[in-house]
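In what follows, a structure is listed as structure tokens, so that the remarks can point back to it.
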Amino acid sequence: MSAAAPAVVQPPPPPTRAHAWPLLHPPPERERPARGLDVLGDWITGVAARRAGRLDHPRAARILAAARAFENHSDAALADSIAEIRAAVAVARDDPASIDRAYAVAVEAIRRETGLRLHPEQVLGALALAAGACVELSTGEGKTLTAVLPAALDGWCGRGVHVVTVNDYLARRDAETTAPAFRRLGLSVGVVHDATAPDDRRAAYRCDVTYAADKQVIFDHLRDRLLMPLRPRLAALVLDEIAPPDADPGSGSWSERVVMRGLHAAIIDEADSVLIDDAVTPAIISGPAGESGGAPHYADAAALAGRLAPGADYVVDARARLIRLTPAGRDCLAAWSRTLPPFWSGPRRREELIVQALTAKELYRPGEDYIVKDGEVLIVDRSTGRALPGRKWQLGIHQAVEAKEGLAVSADNATLARSSYQGFFRRYRRLAGMTGTAAEVANELWASYRLPVVRVPTHRPVARTRAPDRVFAAADRKLEAAADRVAQAHALGRPVLVGTWSIASSEALADLLRARAVPCEILNATREAEEAAIIARAGLPGAVTVATNMAGRGTDIRLTEAARAAGGLLVLSTERHDEARVDRQLAGRAGRQGDPGGVECFVSLQDQLILRHGPAPLVRLVRAGGPLGRLAAPLLWWLAQRAAGGRWATLRAESAKADAWFDMALHDLSR
């Protein structure tokens, strides 16, 4: 997620989800974020929850043994067992004996439909998901099939379960992969994506299991809220029920036009991306509020911003992402305003507009924070490298960027419905998640969602090697060295995945590789449509894939035998991310399921992480070189990531506070 102007977002009610871990009572619900000593108590409770959720290896072994006993059953006999177990789960979903029997029959259903036997670690992960945890399963450990087991439990309860992914492609892929197993278990499967029509969405949400990207479920929920009365009265509900049966659903009562049937249970794939990285992202449905009367003023501000001199007329604080006008800058602006329309006569108004234009000019970079496609500014997610169609920065920043790029300035919109991602997902009664990297944000997942993090070991020992970081003074020298290393690995027939910070750097590195006669595929926000095909080729001998750090996340890079013989996948990172877990997720692409692989990192003192968060004394020490500089380099990057991660954690906490106070204000006004 690119840094965005702050926005107040509509909060959720306090969570109502019951916590299922043993030895713990459900934590007290609260309407406001914890303060003071409550923060310490919250942390202690979270640690206790994680300890209570220790993995039960003997239980997983018993489930797999029971699954093997079903292998001799005929299809008819297995169907009878499924019907019996389904009835038991519907009555006592959280009963351990019911869960064990359900998992055993689900394991056998998966084997018959896919030919794959679940391993003990997948069953351990499924048990944790059923108990309401965020499970850390390494890349390639089979999260898609692991989710079938807990999804079947909630699907059998008759209120539906949403399996949430990070994009439409993964939702369709996972639905196609798991649908045969679900059908054998007597469950219907639906999938929602951008092209799904309203009637088809309604049908998909009526299924027992629904696969959808996070943006689909949250915006469907917001659209439904626009159709629903704020305070439904009993009389209105009765009138809805006696509406003529042949009434047009599109023009009938609100209960006939909404597409979702409630938020009962959800399993979130790539949970750290959805629940943490997007936690401060407001999902907004807006409508036109008239013509964009401010368009000429944004254009004038962009032109004036180009005439102001950095340092003399304004000061840029890159670390705090703030622009401050100097007295000289204010004097220039006041003088220029005499030749501009009357709108510019107000000092506060013109300064606010010029600061927006300077912010767009200095702090919002094409290829990093956004791309321009078909005459439209598309925000680029800072964690995934994917474009975010339909999203806009708030407080005039989006219009300022449009004016900077010389595009038509979009009309001002009125907000009709909004919710933060954090607020939306806290509405589910049952919530669970899975990801390859959750340990670093374990405290946040507990504080915000009451999700304890459970780390599941890999099925096979990890054979991945890691080389010490290579540090360079200049970014261009770093990219040259990285290109040389890729060319060397390519000549040996080894597949290489290169992670870059931004779209611009991915394109620059690709040019360097082509200059060395190294063919490569580029995977970033401008090439999302080719994502599946690019990833499918990334494990071939000598394949080189250049991607923004997390582009292609959620998909496995499968190696050929020749690629394994050449040393397996080499993951080469060209810049550290703000948060270490994103680096760990990228590194986890190598060495999946016991495959050979290696990780190398090339960094420079001109990287954004160091420029924004690196302690200046350590930067000077590393720049000076020598033994002390080499010793100080790991500390420099560790401290910079710690500072950057702390900044994002603070931003998420402030967003949660804004949610709570905004909710209280709306509650008071509605009385």
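For every residue, the table says whether it meets (1) surrounded by 24 or more Cβ atoms within 10 Å (Cβ to Cβ); (2) over 17 Å from the mean Cα position of the chain (by Cα); (3) of a type in the set (Lys, Arg); (4) at negative phi.
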| site | (1), (2), (3), (4) |
| --- | --- |
| LEU363 | no, yes, no, yes |
| ILE371 | no, yes, no, yes |
| GLU376 | no, yes, no, yes |
| LEU388 | no, no, no, yes |
| GLN394 | no, yes, no, yes |
| GLU405 | no, yes, no, yes |
| GLY423 | yes, no, no, yes |
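Evaluating GLU444 against the criteria (1) charged (D, E, K, R); (2) farther than 26 Å from ALA131 by Cβ; (3) not in a strand (DSSP E or B) leaves one unmet condition, (2). Only one of the listed residues (ARG261, ARG184) is over 30 Å from ALA442 (Cα atoms), buried (at least 16 other Cβ atoms within 10 Å of the Cβ) and at pLDDT 70 or above. That residue is ARG184.
Residues considered: ALA90, ALA83. Of these, the only one that is over 28 Å from LEU275 (Cα atoms), assigned by TED's automatic domain parsing to the domain that holds LEU445 and either at pLDDT below 95 or touching a His at 6+ places or on another chain (Cβ under 9 Å) (or both) is ALA90.
Counting only helices (runs of 4 or more DSSP H) that sit completely within the range 580-646, those holding 3 or more residues that are in the same structural domain as ALA474 (by TED's automatic domain parsing) and closer than 30 Å to GLY539 by Cα correspond to 580-587. Entry remark, the range 447-480: residues being closer than 22 Å to LEU609 by Cβ and outside any strand (DSSP E or B) number 11 in total.
Anything in the range 171-201 that is of a type in the set (D, E, K, R) and out of contact with any helix residue (DSSP H, G or I) (no Cβ under 9 Å at 6 or more places or on another chain)? List them, or say none.
Restricting attention to the range 171-201, the residues satisfying the condition of being of a type in the set (D, E, K, R) are 172-174, 176, 183-184, 194, 199-201.
Across the range 171-201, the qualifying residues are ARG172, GLU176, ASP199, ASP200.
The residue that is nearest to ASN443 (Cα to Cα), counting only those in the range 647-657 that are modelled with pLDDT under 75 and surrounded by 18 or more Cβ atoms within 10 Å (Cβ to Cβ), is ALA656. On the stretch given as the range 97-134, residues that are of a type outside the set (Lys, Arg), free of Cβ contacts under 8 Å to residues at least 12 places away in the same chain and closer than 16 Å to ALA60 by Cβ total 1. The condition (being surrounded by fewer than 16 Cβ atoms within 10 Å (Cβ to Cβ) and not assigned by TED's automatic domain parsing to the domain that holds ASP174) is satisfied by just one residue among PRO495, PRO541, PRO519: PRO519. The single condition among (1) more than 17 Å from ASP269 (Cα to Cα); (2) of a type in the set (A, V, I, L, M); (3) surrounded by 17 or more Cβ atoms within 10 Å (Cβ to Cβ) that ALA87 does not satisfy is (3).
When the range 156-165 is limited to residues that are at pLDDT 95 or above and of a type outside the set (A, V, I, L, M), the one that is surrounded by the most Cβ atoms within 10 Å (Cβ to Cβ) turns out to be HIS162.
Considering only the range 375-385, I want to know if a residue exists there that is more than 23 Å from ARG647 (Cβ to Cβ), β-branched (Val, Ile, Thr) and at pLDDT below 85.
Within the range 375-385, the first condition is being more than 23 Å from ARG647 (Cβ to Cβ), and the residues that meet it are 375-378.
Remaining after also requiring β-branched (Val, Ile, Thr): 377.
So of that shortlist, the ones also at pLDDT below 85 come out as none.
For the range 375-385, residues more than 23 Å from ARG647 (Cβ to Cβ), β-branched (Val, Ile, Thr) and at pLDDT below 85: absent.
In this structure, ALA633 does not satisfy being farther than 26 Å from ALA483 by Cα and touching a helix residue (DSSP H, G or I) at 6+ places or on another chain (Cβ under 6 Å).
Across the range 125-135, what is the total count of residues that are in contact with a helix residue (DSSP H, G or I) (Cβ under 6 Å, 6 or more places away or on another chain) and not in a helix (DSSP H, G or I)?
First, the residues of the range 125-135 that are in contact with a helix residue (DSSP H, G or I) (Cβ under 6 Å, 6 or more places away or on another chain): 125-126, 129-130, 134-135.
Now drop any that are not not in a helix (DSSP H, G or I), which leaves 134-135.
Within the range 125-135, residues that are in contact with a helix residue (DSSP H, G or I) (Cβ under 6 Å, 6 or more places away or on another chain) and not in a helix (DSSP H, G or I) number 2.
Being modelled with pLDDT of 95 or more, part of a helix (DSSP H, G or I) and within 15 Å of TYR103 (Cα to Cα) is a property that ALA204 lacks.
The values are calculated or read from the model by the stated rules, or taken from the named source; none is laboratory data. Source: prediction; values computed, not measured. When we count neighbours, we look across all protein chains shown, and the Cβ atoms used for this are built from the backbone with ideal geometry, even at glycine.
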